[in-house]
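S.K.: Mind looking over this structure? Questions follow.
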Amino acid sequence: PGREELLRFALGLMQTADMAYLTTIDDDGFPHTRAMFNLRNPGWFPRQQPLFAAHGDDLMVVLTTNTSSSKVAHLRRNSKMCVYYCHPTRYEGTLLTGDGTILDDSSWRHAVWNEGWERYYPGGPDDPDHTVIRLLPRRAEGWRESRRFEFEL
């Protein structure tokens, strides 16, 4: 398959995966992977879909987390990260890699905000412990129809 077909496949996975799996690098150089809300999934997060409307070709990833988390501490020291998406029932997935950015702009925190998140961030979207992370991936690789794929973004 060509790059455009693989790009559409990766985007489809991003929109169907239940979770996004974020990996950051700790101070000792070891990877740390954890499940995150997949804001690209319209079934789970319909309110966020306009945020991604112009990002089909670059596969932008946006995640939200606690400012006090190890994820943020890792990214402040080493911006390299990856996010993995997999199909909920098939053995298919895509890994997006690049440098993560911590977005301090209040407009991003409001754009990703969901009702009920007060349990994570009692102060609302502008809670000091609420952070948005963005990945504009450099590369995508994965597994589709029993074959490995890879392409640059």
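The values are calculated or read from the model by the stated rules, or taken from the named source; none is laboratory data. Just so it is clear, the model here is predicted, and its values are computed rather than measured. Every residue, glycine among them, receives a Cβ derived from its backbone with ideal geometry; neighbour counts consider all protein chains shown. Note: accessible area is taken over every heavy atom of the protein model, side chains too, but ligands, DNA and RNA are not part of it. Shrake-Rupley method; radii C 1.70, N 1.55, O 1.52, S 1.80 Å.
S.K.: So what's the convex hull volume per residue for the Cα atoms of the chain, in Å³? Don't jump to the answer; show the numbers that get you there.
M.R.: Working: hull volume 16.7 nm³, N = 153.
Hull volume normalised by residue count: 109 Å³.
S.K.: Net charge near residue 126, counting Lys/Arg +1 and Asp/Glu -1 over other residues with Cβ under 14 Å of its Cβ? Intermediate results must be reported in sequence, preceding the final value.
M.R.: On the way: positive: 109; negative: 104, 105, 118, 127, 129.
Here the count lands on -4.
S.K.: OK, next. Please report the carbon-and-sulfur percent of the accessible area for the stretch 8-75; probe 1.4 Å, protein heavy atoms only, DNA, RNA and ligands left out. Present the calculation step by step, with values, prior to reporting the outcome.
M.R.: Details: 1790 of 3090 Å².
Ligands and nucleic acids excluded, carbon and sulfur reach 58 percent.
S.K.: Counting heavy atoms of the protein chains only and a 1.4 Å probe, report the per residue accessible area for the chain as a whole number of Å².
M.R.: Numbers: 7970 Å² over 153 residues.
About 52 Å² of surface per residue is accessible.
S.K.: Counting pairs of alpha carbon atoms under 8 Å apart in space and at least six apart in sequence, what relative contact order in percent does the chain give?
M.R.: On the way: 277 pairs, mean separation 37.0, N = 153.
This gives 24 percent for the chain.
S.K.: Hey, what number do you get for the chain at 222 nm if only DSSP H runs of n ≥ 4 count, each worth -39500 (n - 2.57), divided across all residues, to the nearest 500?
M.R.: Details: 4 runs with 33 residues, N = 153.
After summing the helix terms and dividing by residue count, I get -6000 deg cm²/dmol.
S.K.: Now a separate question. Please build a GNM for the chain, connecting alpha carbons under 10 Å apart, and tell me which residue among 53, 111, 35 fluctuates the most.
M.R.: 53
S.K.: Determine how large the accessible area of residue 145 is when every protein chain is in place; take a 1.4 Å probe and give Å² rounded to the nearest 10.
M.R.: Looks like 120 Å² after rounding.
S.K.: With every atom except the alpha carbons ignored, what do you get for Rg and Dmax of the stretch 51-116, in angstroms?
M.R.: Rg, Dmax (Cα atoms, Å): 13.7, 38.
S.K.: A follow-up question, please. Lys and Arg at +1, Asp and Glu at -1: add these up for the other residues within a Cβ distance under 12 Å of residue 71 and post the number.
M.R.: Working: positive: 34, 76, 77; negative: 26.
Within the 12 Å Cβ shell, the charges total +2.
S.K.: What is the sum of charges around residue 33, taking Lys and Arg as +1, Asp and Glu as -1, for the other residues whose C-beta is under 13 Å from the C-beta of residue 33? Write out the running numbers ahead of the final one.
M.R.: Details: positive: 34, 71; negative: 26.
Once all neighbours under 13 Å are counted, the net charge is +1.
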